Amino acid sequence: MERTALRGRLTWLEAEVVQLVQETARVKTIVFRVPGWTGHLPGQHVDIRLTAEDGYQAQRSYSIANANNNEHVALTVEAVENGEVSPYLVDELVAGDRIELRGPIGGYFVWEPSLGGPLQLIAGGSGLVPLMAMIRSQMSYASPVRTNLVASARSWEELIYRDELEKLSRERDDFDVVYTLTRSQPHGWNGYGRRIDKDLLAASTFAVEEAPLIFVCGPTGFVETAAAIMLELGHQPGGIKTERFGPSGG
């Protein structure tokens, strides 16, 4: 993803795998215990570094998926075909394994309680990861802000966190989620089945009068389309923050 950070001031830390959660067929959440971790804000990310026996190193950046939780950092990773790092993280890591990690990184695409709400989140594919950190974080506070999520995925099977999102939408009055499945929909599906457009976002997001804080994350085309539509609907540019996927090599 496009991010800026002063990485030179960060120190590599040893992170131990303590839990693995299968999200979809090719996506897994990996929870690390990171001694010396100083905490993070929802929306920030980390660098991961793998070192082979011959000394070759590969490094990638991943968004943090969990709320700030002492020494624990959760990363939700999709295995990229022929990638150098993601297939190892998803398919090879087991509890007790250790890797190198540094962060937190990023200060623009973040949310914290002082910013208030309501929160309008718009996610394409695995762009849901940093937005899920925002959802989990704000709901841990005594006075959570109203939150609306529009989540786009290719299919129900490829929608990450779907069970947690369904549970939140059933149990909480301050959280709403709207799905759109762009390639296939399950039998009896009554949600959206197309790419995001003006009519979809107009019907599924907070009104301009409510002045929501808007966070959009996903592939570049998705983010550009969503941000342009929100501007067209009348939302102010200063209230829209975006983060785009970029080539990473996996």
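Checked against the criteria, Gly191 counts as without any contact (Cβ under 8 Å) to a residue 24 or more places away in the chain and of a type outside the set (Val, Ile, Thr).
Let's see how each residue does on (1) within 19 Å of the chain's Cα centre (by Cα); (2) at pLDDT below 95; (3) not in a loop (DSSP other than H, G, I, E, B); (4) not hydroxyl-bearing (Ser, Thr, Tyr):
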site	(1), (2), (3), (4)
Ile160	yes, no, no, yes
Asp163	yes, no, yes, yes
Asp176	yes, no, yes, yes
Ser184	no, no, no, no
Phe206	no, no, no, yes
Val216	yes, no, yes, yes
Ala226	yes, no, yes, yes
Ile229	no, no, yes, yes
Gly234	no, no, no, yes
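Of all residues in region 167-200, exactly one satisfies the criterion of being surrounded by 13 or more Cβ atoms within 10 Å (Cβ to Cβ), out of contact with any strand residue (DSSP E or B) (no Cβ under 7 Å at 6 or more places or on another chain) and under 22 Å from Val145 (Cβ atoms), namely Arg172. Inspect region 48-56 for any residue being more than 24 Å from Thr242 (Cβ to Cβ), among the aliphatic types (A, V, I, L, M) and out of contact with any helix residue (DSSP H, G or I) (no Cβ under 7 Å at 6 or more places or on another chain) and give the result as yes or no. So far as region 48-56 goes, yes, one or more of its residues are more than 24 Å from Thr242 (Cβ to Cβ), among the aliphatic types (A, V, I, L, M) and out of contact with any helix residue (DSSP H, G or I) (no Cβ under 7 Å at 6 or more places or on another chain). Only one of the listed residues (Leu128, Leu115, Leu93) is surrounded by 18 or more Cβ atoms within 10 Å (Cβ to Cβ) and on the phi < 0 side of the Ramachandran plot. That residue is Leu128. The set of residues in region 1-34 that are modelled with pLDDT of 95 or more, more than 20 Å from the chain's Cα centre (by Cα) and surrounded by fewer than 18 Cβ atoms within 10 Å (Cβ to Cβ) comprises Trp12, Glu14, Glu16, Val18. Applying the criterion of being farther than 23 Å from Ala25 by Cβ and polar (S, T, N, Q) to the residues of region 101-135, the residue that is modelled with the highest pLDDT is Gln120. Take the conditions (1) closer than 19 Å to Pro118 by Cβ; (2) free of Cβ contacts under 8 Å to residues at least 60 places away in the same chain; (3) of a type in the set (S, T, N, Q); Thr225 misses just one of them, which is (1). Screening the candidates Leu131, Leu149 for the property of being more than 16 Å from Asn66 (Cβ to Cβ) and either free of Cβ contacts under 8 Å to residues at least 60 places away in the same chain or part of a helix (DSSP H, G or I) (or both) yields one hit, Leu149.
If the condition is being modelled with pLDDT under 95 and buried (at least 21 other Cβ atoms within 10 Å of the Cβ), then region 136-148 contributes Ser137, Gln138.
The values are calculated or read from the model by the stated rules, or taken from the named source; none is laboratory data. This one's a predicted model, so the numbers in the text were calculated from it and none came from an experiment. Positions of Cβ are backbone-derived with ideal geometry, glycine not excepted, and every protein chain shown enters the neighbour counts.
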